[in-house]
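Read through the structure below, which is laid out as structure tokens, and then see the notes.
The values are calculated or read from the model by the stated rules, or taken from the named source; none is laboratory data. No experiment lies behind these values; they were computed from the predicted model shown. Cβ: placed from backbone, ideal geometry, glycine included. Neighbour counts: every protein chain shown.
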Amino acid sequence: MKYDVIIIGAGPGGMFAAYKLAGKLKVAIFEMGRSISKRKCPSDLSESYCTKCKPCNITYGVGGAGGLSDGKLNYVNPNYPSSFTVGGDFEFINEKYLMEKMEEVDNIFLKHGAPDELYGVDEDKIDYLLKKANAAGIEFVPLKQRHVGSDELPKVIKSIVKYLKKNGVEIFTRKTVVDINPREKKIKTKDGKEYEYEYLIIGVGRGGSKWLEKWANEYNLAVSEDSKAIDVGVRVEVPASIMDEITSIIYDPKLRIVTKKHDDYLRTFCTCPKGWVIREDYGDFCLVNGHSKAKEKTNNTNFALLGHYKFTEPFEQPNEWGRDLARITTKLGGGNPIIQRLKDLRLGRRSTQARIKHNILVQPTLKTAIPGDISLAYPGRVIDDIMDALESLNNVIPGVADDSTLLYAPEIKFYSLKLKVNEKMQTNIPYVYAIGDGAGISRGIVGAAVTGLIAAESILGII
Ligand SMILES: Cc1cc2nc3c(=O)[nH]c(=O)nc-3n(C[C@H](O)[C@H](O)[C@H](O)COP(=O)(O)OP(=O)(O)OC[C@H]3O[C@@H](n4cnc5c(N)ncnc54)[C@H](O)[C@@H]3O)c2cc1C
């Protein structure tokens, strides 16, 4: 079978590329995971190393890694240049064009059911937050945001899928691509079948980045040098009341802190107002994450507090370092994430069920996290950074460094291999484009979707 365009991966990158090409060219998407209606996480989250779904429905399937997620849509605020640095490394894309594509992504989301409410548009309140953060030595990055909610996002994805199918896009699910032969312009799937393409778009996300790395080495796909970093930290959970002021202005506040002792860079990420802390399983370790719903709410707010650690020669495997930290943390939790009260971390002792129960202000939303001692798993420098950053944040969000604050680990964000692509998302291999998180270009739903649109426009000859 031959297609004009084959897209590998039905994440936001792949789906938005297909959206642009739909009805114009013969397009097929190959997705290793399930369709959005079959993506359910059946785990009761009480057992170690959930392996119930292969591949895991949280990270693989139509809609991509964020398919069952919170659906926070982050857009650049053109009044604040710093906001161009969130959600991806887009410095090689013309700013005006980037803004246009973001608007297009937003319009598509709105057309398919994303809510009208937009955060971060009240300039007076943004200015107030900026001043408050800067006075505390913290950078606040103003963005515009929408929140779809994990209960509503699958409906939006279903609507987009319906549009794609109606306009002739074929979507193959449970079809893992195992090889690409760029000389013959063919892909091969796990079941041994081959499909020909005129153009190929690789949008495999973080879940496919290991496979992509192997393939990139084999076919000399050009790789950027600056990808030797990793983000390690904790998920912080506090009473929603102390974050209400800031989250009512901006749903997911992006705050950047440089720590006093180690001069390290930390940031807040993926704030989930009135949400839940959740776990993700990766075979021999688990990680924590967060989500919130549009309708159902808890009394807690959680966010990731992440340190950015860069490595230089001779060590070139930050992801391995991260996996080791995740494995040891998961082991100490008996196959589960660890939870610790800030008070216990300060006192250099583990948390226990009794100590967590004693916490009158905030009780955990992730019930299966095991009370323990994060400092037995994480290096001292990371622990120093977390404590240091929380103290600074306390000046912007009073109460966040209270003894009762709950910390969950491992919270780690791995960086994919960064491929060298031009402003059209073309790789050095003819007719092959790379987009989204798997190519190391984006770090979020909107960013990935933008790269998909750009690749599609290049194929259509618009740019
Ligand atoms: C729990 C969670 C919550 C998140 N919440 C948010 C949020 O609120 N806001 C936000 O902006 N971002 C969020 N993100 C990040 C966001 O989901 C990603 O940045 C985004 O989905 C990346 O899009 P992508 O298209 O590049 O890749 P992905 O979404 O990862 O999609 C890639 C697809 O390719 C498929 N694939 C991989 N390898 C192969 C192969 N060999 N053959 C066939 N198919 C393959 C995968 O199954 C996957 O479906 C979240 C991520 C997670 C895990």
Within region 229-244, can one find any residue that is modelled with pLDDT under 95 and surrounded by fewer than 18 Cβ atoms within 10 Å (Cβ to Cβ)? yes
Filter region 228-272 down to the residues that are within 16 Å of the ligand (Cβ to nearest atom), without any contact (Cβ under 8 Å) to a residue 60 or more places away in the chain and more than 21 Å from Ser83 (Cα to Cα) and list them by number. none
Show the residue pairs meeting these rules: Cβ distance below 6 Å; 6+ apart or different chains; first residue within region 7-23 and of a type in the set (Val, Ile, Thr); second residue within 6 Å of the ligand (Cβ to nearest atom) and assigned to a helix (DSSP H, G or I). Ile7/Gly14
So Val5 fits all but one of (1) within 14 Å of Thr173 (Cα to Cα); (2) at pLDDT 95 or above; (3) away from the ligand (no atom under 12 Å from the Cβ); what number is the exception? (1)
Only one of these conditions is not met by Leu460: (1) more than 13 Å from the ligand (Cβ to nearest atom); (2) modelled with pLDDT under 95. Which number is it? (2)
By residue number, the members of region 310-362 that are within 14 Å of Ser404 (Cα to Cα) and free of Cβ contacts under 8 Å to residues at least 12 places away in the same chain are Leu347, Ala354, Lys357, His358
Pair list, Cβ under 9 Å, 6 or more apart: region 76-87 residue under 10 Å from Leu143 (Cβ atoms) and of a type in the set (A, V, I, L, M), other residue away from the ligand (no atom under 14 Å from the Cβ) and assigned to a strand (DSSP E or B): Val86/Val141
When you look at Asn302, is it modelled with pLDDT of 95 or more, within 15 Å of the ligand (Cβ to nearest atom) and in contact with an Asp or Glu (Cβ under 7 Å, 6 or more places away or on another chain), yes or no? yes
Taking region 420-449 as the region of interest, how many residues are crowded, with 22+ Cβ neighbours inside 10 Å and either within 11 Å of the ligand (Cβ to nearest atom) or in the same structural domain as Arg267 (by TED's automatic domain parsing) (or both)? 14
What number of residues in region 8-58 are at pLDDT 95 or above and more than 10 Å from the ligand (Cβ to nearest atom)? 11
Could you tell me which numbered condition Lys274 fails, if it satisfies all but one of (1) at pLDDT below 95; (2) surrounded by fewer than 20 Cβ atoms within 10 Å (Cβ to Cβ); (3) under 20 Å from Ala369 (Cα atoms)? (1)
